[in-house]
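First the structure, in the form of structure tokens, and then the observations on it.
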Amino acid sequence: MDYKIVMPVLSDTMQKGKLIRWRVHEGDRVHKGDVIAEVESDKAIMEVQTFQDGIVKKLLVKEGEEVPIQTPIAIIETDTNKKEALKPQQPQTSISPKEEPSTVPPVIQELLTTSPHPLPQGEASAAAKKRAAELGIDIQKLHSQKQLPTPAHLHDIEEIALKRYFTPKALKLLQDYNIDPKTFRKNHKITDQEVMSYIKEHNIPYSVPLSANRKAVIQTVEYAAKKPIYFVFETFVLKKVPNYKITAILLKKLGDVMQKHPLTRAKLEQEYLKIYPHSNISVAVAKGEELYMVVCKNIEEKSLEEINIWLQEIKDKTYIPQDLLGSTFGISNLGMFGIERFSAMINKDDVGIAAFGALQDNTIAVTFTFDHRILNGLDAAKFIQDCKKAFQGEENV
Amino acid sequence: MLYREALNNAIDEMMAADESVVILGEDVGRYGGSYRVSEGLFAKYGAKRVIDTPIAELSIVGNAIGMAIAGLRPIAEIMTVNFSLLALDQIINHAAKFRYMSGGKMTIPLTIRMPGGVSKQLAAQHSESYETIYTAIPGLIVLAASNATYAYYGLKAAIALNDPVIFLEHELLYPMKMEFKPQENFDPFKAEIVKEGKDLTIITYLKMRYDVLQAIPTIEQTLNITVEVVDLNSLRPLDMSTITQSIQKTKRVAIVEEDHKTGGYGAEVIARISEELFYELDAPPLRIAGQDVPIPYNRTLELASIPTPKKIAQKIIQWGRENGL
């Protein structure tokens, strides 16, 4: 029996997912729970697991390819000796709401789908041969040099034609700067210097596509910018504890104080304030160019030691959706860069965020941003007062 | 406008404009037509011009040919293409040949309307598509109306033509509400570019037009391409110039038809393309057609026997991936 693994829905807003890397090969045996691929959603790179045992029969999507959610990405041949009826884990893509629900029994369904097209034979398509003849390209010779796929298609021939007139570096520039090769007169070999001088002459920008992470960050901060917020500027006393990260200390102290202030553990949902029992704080984590708000959970139950270890671990981890969900408050720390004071944007539906600057002479500047819909000035003042006490006191460290 | 209303308007206007236009067939008069195409015409034009006939297809067409020879412009309605087989001798040996047998002295300005294709559970004897038979007969013109605009203008043109026209309709289209686009300089023999695209041409006609259009978003998204859709409208003659222009642009072609694959009309289209456009093709042409079985009655099996949007998308995506798309 074939079990199809589909592009998972990793967030409410996700429409498409990009297959970053296959962790298995065709023919590999996999077990329930094994990670088979890494995919990039609109928010982060995450792992896809198989929910059935079996053998990887076919990988349907290439690395780097983007496909709509629910599109099958791999087929696992499940063990045939098991008699249990295998149900698909996720519903198949329906092409249109108008189409009648497919009630075709599996036997017929297989008849319909398992008549594979034989792979085309021959060295090149008719159109590719014609174009190659026009350009004086010797398909057989290129095949013997393994420079052309079999069968070759038109775009393969066009690519070869371009290689004649552009050096590899020049081609890369054309691609990076999105310049039409027709811009250049093809009567000599065109080098990257020539392309570069054209780029400078016309001041052509280099386009960096927005990563999924950046798109998600943009969405989050634009959403945050629409909130009715206010700032509170404070300076706390803080002593550095040897072997502990400052962020760990900040998390522990804030998390403990949050237990006394229910509104800092609240989420605004339509007609309700939903107050959660745990102190869950999102922490801004930079990974290269990417920014994640990773959530440290149940802080009130964790020791400083545990939080310190958690901070170490999240640095190298591939996040799953749960890592980025469930916070009600946030922390951002730029102290390590010597920044004295700054303010931060609230993450998603958090109540507020505390932006910490550099620790100087046992004091640290902090700017709180609060969502006024959830926390009034008075509530905020009481919360900060308690924070201040906790930072001064030694008992929590 | 409903598809059947477009046909009704076309007949009504032609009857009002020309007294020699008459219609005949089973239940076309008092009942208003099996699919309500001739609704209201009996009351308006009377029993002499809207003629109810016995259940006898051979005589319907035979009489219509007689009327045509004698100077009328008849429209014969056959209830389904399956039943037109009973009239095949009249259609092929008489309607299609008289002009040639008389050295051009006699013309047969006859239109034979007939719906075909797979409806819902009408079973094997009422679900066939016989465009493959009629398009193989020199002397006949074969038009296939997939939409209200072509139904209206195409049928008017068919009635006005001095040669016999087989006017194919589809049973599932009659109650469909469709956009009507007024036309200037309408040419019944011209295919329609339903949607422009640059990477693949899908040729289709009649009801499959709608299945193809439903499959297009999935195909375009998955393969990251744009697809051009060509609705043939006229099956004989075939508008090779529109097909040629499209394939010269896209370099790839698939045909989607409801008829059985073996000997289906798509085979003829692909043959023409292979003959005339071989060196334009960057991939082997793809045929998506019905299974080679009598159409089953059971709804599940019925749907399994013909192309559906889902199957169209699956096959094109697989074919595309294997052929460099």
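The values are calculated or read from the model by the stated rules, or taken from the named source; none is laboratory data. Keep in mind the model is a prediction, meaning the values are calculated, not measured. Counting neighbours? That spans all protein chains shown, and the Cβs are built from the backbone with ideal geometry, glycine included.
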Any chance region A:28-46 includes a residue that's touching a Ser or Thr at 6+ places or on another chain (Cβ under 8 Å), farther than 27 Å from residue A:291 by Cα, of a type in the set (S, T, N, Q) and surrounded by 18 or more Cβ atoms within 10 Å (Cβ to Cβ)?
no
Among the residues of region B:96-119, which ones are surrounded by fewer than 17 Cβ atoms within 10 Å (Cβ to Cβ) and touching a helix residue (DSSP H, G or I) at 6+ places or on another chain (Cβ under 7 Å)?
B:106, B:107
Is it the case, given these coordinates, that residue B:16 is assigned to a helix (DSSP H, G or I) and under 24 Å from the mean Cα position of the chain (by Cα)?
no
For region B:5-33, name all the residues that are of a type in the set (D, E, K, R) and either on the phi > 0 side of the Ramachandran plot or out of contact with any Leu (no Cβ under 8 Å at 6 or more places or on another chain) (or both).
B:5, B:13, B:18, B:19, B:26, B:27, B:30
Considering only region B:8-21, how many residues are in contact with a strand residue (DSSP E or B) (Cβ under 7 Å, 6 or more places away or on another chain) and buried (at least 20 other Cβ atoms within 10 Å of the Cβ)?
4
Failed criterion for residue B:89 (all others in (1) part of a loop (DSSP other than H, G, I, E, B); (2) in contact (Cβ under 8 Å) with a residue 24 or more places away in the chain; (3) surrounded by fewer than 21 Cβ atoms within 10 Å (Cβ to Cβ) hold)
(1)
Here's a check for you: in region B:285-316, which residue that is among the aliphatic types (A, V, I, L, M) and surrounded by fewer than 20 Cβ atoms within 10 Å (Cβ to Cβ) is nearest to residue A:72 (Cα to Cα)?
B:301
Those residues of region A:306-324 which are closer than 25 Å to residue A:265 by Cβ, touching a residue at least 12 places away in the same chain (Cβ under 8 Å) and not polar (S, T, N, Q) amount to A:307, A:310, A:311, A:314, A:319, A:320, A:321, A:323, A:324
Do you know which of the residues in region B:266-284 that are under 21 Å from residue B:313 (Cα atoms) and in contact with a Ser or Thr (Cβ under 7 Å, 6 or more places away or on another chain) is surrounded by the fewest Cβ atoms within 10 Å (Cβ to Cβ)?
B:281
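The rows are residues; the columns are (1) under 33 Å from the mean Cα position of the chain (by Cα); (2) within 14 Å of chain B (Cβ to nearest Cβ); (3) touching a residue at least 24 places away in the same chain (Cβ under 8 Å).
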{"site": "A:149", "(1), (2), (3)": "yes, yes, no"}
{"site": "A:155", "(1), (2), (3)": "yes, yes, no"}
{"site": "A:159", "(1), (2), (3)": "yes, yes, no"}
{"site": "A:162", "(1), (2), (3)": "no, no, no"}
{"site": "A:165", "(1), (2), (3)": "no, no, yes"}
{"site": "A:183", "(1), (2), (3)": "no, no, no"}
{"site": "A:195", "(1), (2), (3)": "no, no, yes"}
State all residues of region B:163-191 that are assigned to a strand (DSSP E or B) and either touching a Ser or Thr at 6+ places or on another chain (Cβ under 7 Å) or aliphatic (A, V, I, L, M) (or both); if no residue qualifies, say none.
B:165, B:166, B:167, B:168
Exclusive hit being modelled with pLDDT of 95 or more, closer than 30 Å to residue A:156 by Cβ and of a type in the set (Lys, Arg), set B:207, B:156, B:249, B:261
B:249
Selection from region A:173-182 of residues that are under 18 Å from residue A:207 (Cα atoms) and of a type outside the set (Asp, Glu)
A:173, A:174, A:175, A:177, A:178, A:179, A:181
When you look at residue B:157, is it surrounded by 17 or more Cβ atoms within 10 Å (Cβ to Cβ) and under 30 Å from residue B:15 (Cβ atoms), yes or no?
yes
If I filter region A:185-198 for residues that are closer than 29 Å to residue A:40 by Cβ and exposed (fewer than 13 other Cβ atoms within 10 Å of the Cβ), do I get at least one hit?
no
